[in-house]
1. Give the peptides 133-144, 168-179 in descending order of average Cβ contacts within 10 Å, highest first.
2. Can you compute 3J(HN,Hα) from phi for each residue in the range 244-249, using the Karplus curve 6.51 cos²θ - 1.76 cosθ + 1.60 with θ = phi - 60°, rounded to whole Hz and x for Gly and Pro?
3. Run the simple label-point estimate for residue 54 and residue 285 please: 7 Å along Cα→C-beta, distance reported in nm.
4. Could you derive backbone 3J(HN,Hα) for the range 360-368 from the dihedral phi with the Karplus parameters 6.51, -1.76 and 1.60 (θ = phi - 60°), listing whole Hz in sequence and x where the residue is Gly or Pro?
5. Note down the net charge around residue 256, summing +1 for each Lys or Arg and -1 for each Asp or Glu among other residues with Cβ under 9 Å from its Cβ.
6. Determine the gain in length on full extension of the stretch residue 141-residue 370; use 0.36 nm per residue of separation and subtract their C-alpha separation, reporting nm with one decimal.
7. Separation of the range 127-155 and the range 206-226 by C-alpha centroid, Å?
8. Calculate the spin-label point distance for residue 334 paired with residue 104, positioning each point 7 Å from the Cα along the beta-carbon direction, and give it in nanometres.
Amino acid sequence: MGSSGGRRAPYRRAGDGSRFPPFDKRHPPASPSPIRLSRPPALPTLSPVSEPAAKPVVLTCAQPTGRLHLGNYLGAVLNWGRMQDDHECYFGIVDQHAITVPTVPADLRANTYACLAQYMACGLDPARSRLFVQSHVTGHTELAWVLGCLCPLGQLERMTQFKDKAARQESVRAGLLTYPVLMAADILLYNAAKVPVGEDQKQHLELTRDLAQKFNHTYSDTFVIPEPYIAATGARVMSLQDPGAKMSKSDPNASATLFITDSADDIRRKVGSAVTDSGAEVRAAPDKPGVSNLLQILSACSGRPVAALEDDFRGKGYGDFKRAVTDAVEAVLAPVRSRFATFSADRAELDRVLKAGAEGAQRAAHRTLAKVHRKVGFVERPR
Ligand code: AMP
């Protein structure tokens, strides 16, 4: 997530800078439940994850691209954490996808560890889920090759994202064209029944479904046909400096984005300089996008509905309001920040987490790969 070159995760992408949605007080978009991790993630215990589970398999992957921000946390990662009890979750850090565009090797490595430490700090728990790095699991690229041999070239060339990205580059790498096949392999390798996908990834999930059906039809029933997973809608967090645009890690204005590892001072300064609107009323309204965004953030962080917050601040000014937003954000992010510091300072522990995650993922991957190889007619690997 985060920074190498502002690239996006293959399955989850920020939107398109769309405008702040009309505010409807009867149906506030933010879940008004206070932020509570279902189990406080202390240092993970590495007891093996129980398997096989009867729970539905969910695969969530993201590229290791740097720092997570408050929008990622409230809008996505918090919900991923909540899925862990009733789903068999695989969280993949997809480094093989990351190299479809030029990458600095040292940054990729550092971002992979940073991504893992941030996920764990946000509540993804290696004792309940498999947190793994894609290149650690044999099977992703192998299955991608088999699926690529079934995939019509024209279908890849028609992918909107390929056309967009290729148009922006002088020399187009083959990996940019074929990465949807690798993404299909990521999903099918774990027989994921559900995949949380954003709007811009629906076409890729369609390709995955087509390839799974094509394989099942050509050989015999092998793959579960994955469905898009519509997670509970998290808060949509807008830029602090331009509340018409989504909060984004690649915003050039350093005050626009609250990162989950920001210090208490950073939070105070950024919330303090957040744009508000004319007038002094603390009220959510389409003509008050700045205040509406801060209300939304306060609601998501405090668990109080926006209407109740409006009552709280009736007759008070923006100063009091921003102090309350600062305190609420700090209360949510301080424990995340401190867990991140603990996790990222212990590289050996992160390596142990990745080892356990890779082992869990590898067991599932081997099962699928062995079946696929047998069905296509490969001679069984010598043991
Ligand atoms: P990205 O940062 O684009 O890789 O997005 C990772 C996940 O965070 C996706 O599920 C996005 O929908 C979610 N996300 C990104 N930005 C925001 C935002 N400003 N508000 C809420 N959710 C967001």
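1. 133-144, 168-179
2. Per residue, the Karplus-derived 3J(HN,Hα) values read x, 10, 5, 4, 9, 5 Hz.
3. Result for the modelled spin labels: 5.5 nm.
4. Per residue, the Karplus-derived 3J(HN,Hα) values read x, 5, 5, 4, 5, 5, 4, 4, 5 Hz.
5. Residues near residue 256 contribute -1 overall.
6. Taking residue 141 through residue 370 to full extension adds about 81.1 nm, to one decimal.
7. 14 Å
8. Rounded to a tenth, the inter-label distance reads 3.4 nm.
None of the figures in this text is laboratory data; all of them are computed from the coordinates on show. Here the structure is a predicted model, which means the values were calculated and not measured. Because the Cβ atoms are built from the backbone with ideal geometry, glycine has one as well, and the counts that use them run over all protein chains shown.
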